[in-house]
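Presented below is the structure to which this report refers.
The values are calculated or read from the model by the stated rules, or taken from the named source; none is laboratory data. Here the structure is a predicted model, which means the values were calculated and not measured. Counting neighbours? That spans all protein chains shown, and the Cβs are built from the backbone with ideal geometry, glycine included. Side chains included, ligands, DNA and RNA excluded: accessible areas come from the protein's heavy atoms. Shrake-Rupley method; radii C 1.70, N 1.55, O 1.52, S 1.80 Å.
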2 protein chains.
Amino acid sequence: LPAPTVLIGVDWGTSNLRALRIADGGEVQAERADPRGAGGLDPADFAAVLADLAGDWLEEGPPVLVCGMAGARGRWREAPYCPCPASLDEVANALVQPEPGRDIWIVPGVAVMDETGLRDVMRGEETQILGLFGEGESGLAVTPGTHSKWATVEDGRLTGFRTFMTGDLFAAVRRDTILGQDMGEPGVDGAAFRRGVVRGLADRALTAALFSVRVETLGGRLEPRGAADYLSGLLIGAEIAAQPHRDRPVVLVGAEALAGRYATALDLAGFARVERADASVAVARGLWRIWRARR
Amino acid sequence: LPAPTVLIGVDWGTSNLRALRIADGGEVQAERADPRGAGGLDPADFAAVLADLAGDWLEEGPPVLVCGMAGARGRWREAPYCPCPASLDEVANALVQPEPGRDIWIVPGVAVMDETGLRDVMRGEETQILGLFGEGESGLAVTPGTHSKWATVEDGRLTGFRTFMTGDLFAAVRRDTILGQDMGEPGVDGAAFRRGVVRGLADRALTAALFSVRVETLGGRLEPRGAADYLSGLLIGAEIAAQPHRDRPVVLVGAEALAGRYATALDLAGFARVERADASVAVARGLWRIWRARR
């Protein structure tokens, strides 16, 4: 017998959303995806999109907990950033209710602040990270993607993070620079990917290192079919080169293909302890833990 | 009385070309521009485009010397790269004749090579640089643009250089990443540009530093109207951060607006001696010197 649903979770990204039926303990019972990301919606649209995607799940009146860009300014309703260090309790007690009278809540994002103000921001990844690290646990979490985050957790608190625009930059370089001419898809030439990583780890001048995609092709050392892999490796290598703590255990969150590429790159960079986690599992467990911790 | 024309020079870039009537000594008598860059032409097109743009100049039969992408593989006719260090004589004696029997010659590009092969390439900038530095002269030349080059000249020989994709990346980031949303034109907020330079000089993790365009705007420290200037500063700062020799004199070649931005950034980086040179003057003088040096 499946455990009864205790929570409907929603991970509402900029360009898509996922709805999750979550049981006690944080287990995912069912999952649905939709392309209507928060980036294209007005505040009044969100409730209707949710009803459209998961109306049948909402009939019995379970609470709904939403993380991600639905809480950004100008979207469903702004949920102001919690400053780092942010504990589970602090995040859980800053939930925002977008539809008065309905049992729907938005998880705030988390921000790194200094004396001059905002230094970095996340919305959504905090939920994954708080799902991965329990009370008293410490480590490094990496969420590869359009905007990769490297976050440190100490004693179950999210103490700091930094954002790298690796995926966003990969797509832009491929679509819109001289390097993208005739460039295929990544994922076909593992050796080219590894050579890119090694170059990205070693060469701190990224705007110059990028030109090596062209020079390596001109010089015949890189096959055109491997250029996208080399570029991906270069950008991931540059991201990893900025990380000082290679002896710390890392939890890598994300989809198979991309996380696999990061695992290869982390290995080349000398990270000895790398664990993989599924993003849906992490977000469901994070939502459940936040829900349970609210007062 | 104007000096008699001794040479028709052509600087044939990827996306446009300039034709120059050059007098003895390298002085520019007249200049014409055209959007038919080498990137969009087949080998058979070049002679016709040149006749169309400067047919009247060719009537008296002056020699024609072409630098730039017309000599790239698959264009008018390939002029193989001269390896660094490259002297005026070496470049002048590697000219290639694209139309048998006609007095038209293409200047080869220059390449940095190592034991494994090609490390970097230029086509066109070598002519500007050989125009700027006479026999026995030394210095650093910077040609800002889509693909900026930093070149060292020792005793009149081009001894090495490195390419930075600064302009290409600026355009791609602006057109195609989250940072470009609502981003205007650069050149309106000098303070934002200087803050970007300082950040780019200090922060070696460029893919993370780029995300500061977003965070600075979210945090209210950067006005949206200054975001393009801040981004431009960040990328130029990152380019300059990679340069080890800040005590050397620099010659900055290029159009007023962009060279002015580089001059500001070089000043912030501590380069004490920066001289400006006009690109047309440099290329005309380079073509004339190469023509005179051929055997």
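A compact table of results
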{"item": "Residue within region A:222-244 that is assigned to a loop (DSSP other than H, G, I, E, B), over 15 Å from A:PRO144 (Cβ atoms) and touching a Leu at 6+ places or on another chain (Cβ under 8 Å) present", "result": "no"}
{"item": "Residue that is of a type in the set (D, E, K, R), away from chain A (no Cβ under 14 Å) and in contact with a Pro (Cβ under 8 Å, 6 or more places away or on another chain), where the choices are B:ASP103, B:ASP89", "result": "B:ASP103"}
{"item": "Flag if A:VAL153 is among the aliphatic types (A, V, I, L, M) and outside any strand (DSSP E or B)", "result": "no"}
{"item": "Of residues in region B:194-205 being open to solvent by 10 Å² or more (accessible area, probe 1.4 Å) and assigned to a helix (DSSP H, G or I), the one nearest to A:VAL112 (Cα to Cα)", "result": "B:ARG199"}
{"item": "Failed item, numbered, when B:ARG248 is tested on (1) touching a strand residue (DSSP E or B) at 6+ places or on another chain (Cβ under 6 Å); (2) modelled with pLDDT of 95 or more", "result": "(2)"}
{"item": "Residues within region B:138-149 that are among the hydrophobic types (A, V, I, L, M, F, W, C), within 14 Å of another protein chain (Cβ to nearest Cβ) and either touching a Pro at 6+ places or on another chain (Cβ under 8 Å) or open to solvent by 10 Å² or more (accessible area, probe 1.4 Å) (or both), tallied", "result": "0"}
{"item": "Members of region A:162-183 found to be open to solvent by 20 Å² or more (accessible area, probe 1.4 Å), more than 7 Å from chain B (Cβ to nearest Cβ) and not small (Gly, Ala, Ser), listed by number", "result": "A:PHE170, A:ARG174, A:GLN181, A:ASP182, A:MET183"}
{"item": "Identity of the residue in region B:38-59, open to solvent by less than 60 Å² (accessible area, probe 1.4 Å) and small (Gly, Ala, Ser), that ends up farthest from B:GLU99 (Cα to Cα)", "result": "B:GLY39"}
{"item": "Which numbered condition B:GLY260 fails, given (1) away from chain A (no Cβ under 14 Å); (2) without any contact (Cβ under 8 Å) to a residue 60 or more places away in the chain; (3) touching a strand residue (DSSP E or B) at 6+ places or on another chain (Cβ under 9 Å); (4) not in a helix (DSSP H, G or I)", "result": "(4)"}
{"item": "Positions within region B:144-155 being in contact with a Gly (Cβ under 6 Å, 6 or more places away or on another chain) and modelled with pLDDT of 95 or more, in sequence order", "result": "B:PRO144, B:THR152, B:VAL153, B:ASP155"}
{"item": "Conditions (1) more than 24 Å from A:GLU154 (Cα to Cα); (2) in a loop (DSSP other than H, G, I, E, B); number of the one not met by A:ALA19", "result": "(2)"}
{"item": "Region B:67-83 - residue that is without any contact (Cβ under 8 Å) to a residue 60 or more places away in the chain and part of a helix (DSSP H, G or I) and, of those, surrounded by the most Cβ atoms within 10 Å (Cβ to Cβ)", "result": "B:GLY71"}
{"item": "Positions within region B:93-132 being surrounded by fewer than 17 Cβ atoms within 10 Å (Cβ to Cβ) and within 18 Å of B:TRP76 (Cα to Cα), in sequence order", "result": "B:GLN97, B:GLU99, B:PRO100, B:GLY101, B:ARG102, B:ASP103"}
{"item": "Extreme residue, nearest to A:ALA192 (Cα to Cα), among residues of region A:221-243 that are facing chain B (nearest Cβ under 7 Å) and open to solvent by 10 Å² or more (accessible area, probe 1.4 Å)", "result": "A:ARG221"}
{"item": "Unique residue being modelled with pLDDT under 95, under 26 Å from the mean Cα position of the chain (by Cα) and under 16 Å from B:ARG174 (Cα atoms) when the list is B:GLU256, B:GLU185", "result": "B:GLU185"}
{"item": "Conditions (1) within 11 Å of the chain's Cα centre (by Cα); (2) surrounded by fewer than 22 Cβ atoms within 10 Å (Cβ to Cβ); number of the one not met by A:GLU135", "result": "(1)"}
{"item": "Residue list for region B:184-212, restricted to those being within 8 Å of chain A (Cβ to nearest Cβ) and within 17 Å of B:ALA259 (Cα to Cα)", "result": "none"}
{"item": "Given (1) closer than 21 Å to B:GLU137 by Cβ; (2) among the basic types (Lys, Arg); (3) at pLDDT 95 or above, number of the condition B:ARG261 does not satisfy", "result": "(1)"}
{"item": "Residue list for region A:156-169, restricted to those being assigned to a loop (DSSP other than H, G, I, E, B) and touching a strand residue (DSSP E or B) at 6+ places or on another chain (Cβ under 7 Å)", "result": "none"}
